[in-house]
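Peer 1: Take a look at this one; I'll ask things after.
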Amino acid sequence: MHSVLGSTTQRQVAFVGPLGVGKTTAVRAISDVPVVSTEVIRSSVAVGPKRAAEKPTTTVGIDYGEWVTPDGTRVGVLGTPGQLRFASARSSVVARRASIVLWGFGDRPETVEEMAEWLTRIGDETVWARTIVALTRREAREDEAMPNLGDFRARLAPFRPDMPLLEADPRDRDQVVRVVLTALDLNDDAKESA
Ligand SMILES: Nc1nc2c(ncn2[C@@H]2O[C@H](COP(=O)(O)OP(=O)(O)OP(=O)(O)O)[C@@H](O)[C@H]2O)c(=O)[nH]1
Ligand SMILES: [Mg+2]
């Protein structure tokens, strides 16, 4: 590994959002280099009872990967901890000039309000201006309990008018690429259709 955090990349994208939403998964999906992970076994940091489908690990520092865009820009991809008590790791990343992807559980109505809480938590309008929202777990779209995108758009508008809102599966490299290009404002497809 030749990479030293932040020193060799031209741009940075930071993934933030709740526990288990898929931030580490997304870093692993897109990274061209082996990911430097700060995951630990969840029981060792006592995050409470584990639901059946949850994975056994959680991020406690910064997960670090790198990705080179189609036009050759080297991007540092940073996964932050979802747990609130590890806020210092998150704020150290948000304080940089990084573009930010706020990931949310797209299959839960509570996520509409949760995204607003996270935006308030991570900063002010200078941060929101470089933040986009990406929703996971939207594959079961016919589910009636699923919040619709209009609900999210209405709630996000006061933070940043026309804040980009995407659906993406963090396990799918191409979908994470689309999210990262949008966060970097390099997504020409999205711009043309806007
Ligand atoms: N079915 C489905 N599973 C998903 C989706 N997104 C994420 N997952 C799964 O959810 C889990 C997410 O785990 P992590 O990537 O460790 O989550 P994290 O956001 O890094 O969590 P913390 O580091 O604890 O904050 C993984 O097992 C993913 O496979 C999705 O869109 N659909
Ligand atoms: Mg993680």
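The values are calculated or read from the model by the stated rules, or taken from the named source; none is laboratory data. Since this is a predicted model, take the numbers as computed values, not measurements. Positions of Cβ are generated from backbone atoms using ideal geometry, with glycine treated the same way; all protein chains shown enter the neighbour counts. We work out accessible area using only protein heavy atoms, side chains counted, and drop any ligands, DNA or RNA first. Shrake-Rupley method; radii C 1.70, N 1.55, O 1.52, S 1.80 Å.
Peer 1: Give me the accessible area per residue for the stretch 11-193, probe 1.4 Å, as a whole number in Å².
Peer 2: Details: 8650 Å² over 183 residues.
Per residue, the stretch 11-193 has 47 Å² of solvent-accessible surface.
Peer 1: Mind putting a number on the dipole of the chain about its Cα centre? Charges go on the C-beta only, +1 for Lys and Arg and -1 for Asp and Glu, and I need it in Debye to the nearest 20. Let's see the in-between values first.
Peer 2: Working: 25 positive and 27 negative charges, 155 e Å.
So the magnitude is around 740 debye.
Peer 1: Would you please name the GluC sites (Glu not before Pro) within the stretch 86-194 that are DSSP coil residues with at most 16 other C-beta atoms within 10 Å of their C-beta? Intermediate results must be reported in sequence, preceding the final value.
Peer 2: Values: sites: E110, E113, E114, E117, E125, E139, E142, E144, E167, E192; in loops: E110, E139, E142, E144.
Here the sparse-neighbourhood loop sites are E110, E139, E142, E144.
Peer 1: So what is the calculated 222 nm ellipticity per residue for the chain, using -39500 (n - 2.57) for each DSSP H run with n of 4 or more, over all residues, to the nearest 500 deg cm²/dmol? It would help to have the intermediate numbers written out before the result.
Peer 2: On the way: 7 runs with 57 residues, N = 194.
Mean residue ellipticity, 222 nm, calculated: -8000 deg cm²/dmol.
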